[in-house]
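Structure record follows, encoded as structure tokens.
The values are calculated or read from the model by the stated rules, or taken from the named source; none is laboratory data. Note that this is a predicted model, so its numbers are computed, not measured. In this analysis, Cβ positions are derived from the backbone assuming ideal geometry, glycine residues included, and neighbour counts consider all displayed protein chains. Accessible surface areas use protein heavy atoms only, side chains included; no ligands, DNA or RNA. Shrake-Rupley method; radii C 1.70, N 1.55, O 1.52, S 1.80 Å.
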Amino acid sequence: LGVLCVVLGIIGVFLPGLPTTEFIIAASYLFARSSPALEAWLEQHRWLGPPLRHFKETRGMPLKAKALALTWMWTGVGISTYMLATAGIGVQLSVVAMGAIGTITILFFVRTTAGRQSLILS
């Protein structure tokens, strides 16, 4: 499951709407319980490691990372809503609702921290 989460997280870097951060954090959690070697690999990874270590240390995101995540998320929501015009208003409203849930989560449930400005793209 940890490897699957890493794969989905990497795909999420390129595919709007598929989260990256959540899958990488889930992979770290799963590796911590099943494979110390894979957990160490993930934490030492060139791109995934620094933001993961920062999250583990602070249990939050820097303000700049939150702003960037929200900007990219809403860019993805806008593009998805436009591209789904033929799918109907219900599908479009579902995409916007998921964006709103993500925004509420980032703003009100993820702590804002000071420090490194690293970010796993969401």
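To keep it simple, each residue is scored yes or no on (1) open to solvent by 40 Å² or more (accessible area, probe 1.4 Å); (2) part of a helix (DSSP H, G or I); (3) in contact with a helix residue (DSSP H, G or I) (Cβ under 8 Å, 6 or more places away or on another chain); (4) not polar (S, T, N, Q).
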{"residue": "11", "(1), (2), (3), (4)": "yes, yes, no, yes"}
{"residue": "23", "(1), (2), (3), (4)": "yes, yes, yes, yes"}
{"residue": "30", "(1), (2), (3), (4)": "yes, yes, yes, yes"}
{"residue": "33", "(1), (2), (3), (4)": "yes, yes, no, yes"}
{"residue": "46", "(1), (2), (3), (4)": "yes, no, no, yes"}
{"residue": "51", "(1), (2), (3), (4)": "no, yes, yes, yes"}
{"residue": "90", "(1), (2), (3), (4)": "yes, yes, no, yes"}
{"residue": "94", "(1), (2), (3), (4)": "yes, yes, no, no"}
{"residue": "97", "(1), (2), (3), (4)": "yes, yes, no, yes"}
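Within region 62-79, does at least one residue satisfy the condition of being open to solvent by 30 Å² or more (accessible area, probe 1.4 Å), in contact with a strand residue (DSSP E or B) (Cβ under 7 Å, 6 or more places away or on another chain) and either modelled with pLDDT of 85 or more or closer than 18 Å to residue 1 by Cα (or both)?
yes
Looking only at residues in region 103-117 that are in a loop (DSSP other than H, G, I, E, B) and more than 16 Å from residue 22 (Cβ to Cβ), which one is modelled with the highest pLDDT?
114
Regarding region 54-61, can at least one residue be identified that is of a type in the set (Ser, Thr, Tyr), loosely packed, with under 12 Cβ neighbours inside 10 Å and part of a helix (DSSP H, G or I)?
Scanning region 54-61, I find no residue that is of a type in the set (Ser, Thr, Tyr), loosely packed, with under 12 Cβ neighbours inside 10 Å and part of a helix (DSSP H, G or I), so the answer is no.
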